[in-house]
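Q: Encoded as structure tokens, here's the structure I'll be asking about.
Every number in this text was worked out from the coordinates using simple rules, so none of it is lab data. All figures in this text were calculated on a predicted structure; none of them were measured in a lab. Here the Cβ positions follow ideal geometry from the backbone for every residue, glycine too, while neighbour counts run over all protein chains shown.
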């Protein structure tokens, strides 16, 4: 009986952490910035979903000539530590396609900023910390929604 309850709970968590990743608005290389796009993945930390935590993490990073992010740091956050870890994971998996001009002009030494917004579908949108920086929004359903969905299908 305990095993069945645990399996049912895991099924609810699996439904709840299906996250949506929106690429930054400047993912195209029109502005001379490296064209960065996050890898599609579940970045909304399961603990944060369970505790219904949302918020914004402002990160700063560089992009090397191979298109990999490096020297990623959290500058400021309104989110939990688990969501800060999720933001760092997102940046570690992000891949960029910097132009030759960006590389030759010293782009890899530049520091870029990114607002990572973690929010639930049924709540007010999270706000960027730095309005000048790019934004990526990670959304998910709450456990309550997932639990109601699971019960209605039973």
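Q: Here are some conditions: (1) part of a loop (DSSP other than H, G, I, E, B); (2) surrounded by fewer than 21 Cβ atoms within 10 Å (Cβ to Cβ). Residue 119 meets all but one. Which one does it not meet?
A: (1)
Q: I'd like to check something: does segment 69-85 contain any residue that is crowded, with 20+ Cβ neighbours inside 10 Å, touching a residue at least 40 places away in the same chain (Cβ under 8 Å) and either under 14 Å from the mean Cα position of the chain (by Cα) or within 19 Å of residue 140 (Cβ to Cβ) (or both)?
A: Scanning segment 69-85, I find no residue that is crowded, with 20+ Cβ neighbours inside 10 Å, touching a residue at least 40 places away in the same chain (Cβ under 8 Å) and either under 14 Å from the mean Cα position of the chain (by Cα) or within 19 Å of residue 140 (Cβ to Cβ) (or both), so the answer is no.
Q: Among what's in segment 86-104 and is touching a residue at least 60 places away in the same chain (Cβ under 8 Å) and in a loop (DSSP other than H, G, I, E, B), pick the residue that is farthest from residue 63 (Cα to Cα).
A: If we take residues in segment 86-104 being touching a residue at least 60 places away in the same chain (Cβ under 8 Å) and in a loop (DSSP other than H, G, I, E, B), then 99 is farthest from residue 63 (Cα to Cα).
Q: Looking at (1) under 15 Å from the mean Cα position of the chain (by Cα); (2) surrounded by fewer than 21 Cβ atoms within 10 Å (Cβ to Cβ); (3) under 18 Å from residue 128 (Cβ atoms), find the lone condition where residue 111 falls short.
A: (1)
Q: Being in contact (Cβ under 8 Å) with a residue 12 or more places away in the chain, closer than 13 Å to residue 35 by Cα and surrounded by 14 or more Cβ atoms within 10 Å (Cβ to Cβ) is the requirement here; does residue 63 meet it?
A: When the stated conditions are applied, residue 63 passes them.
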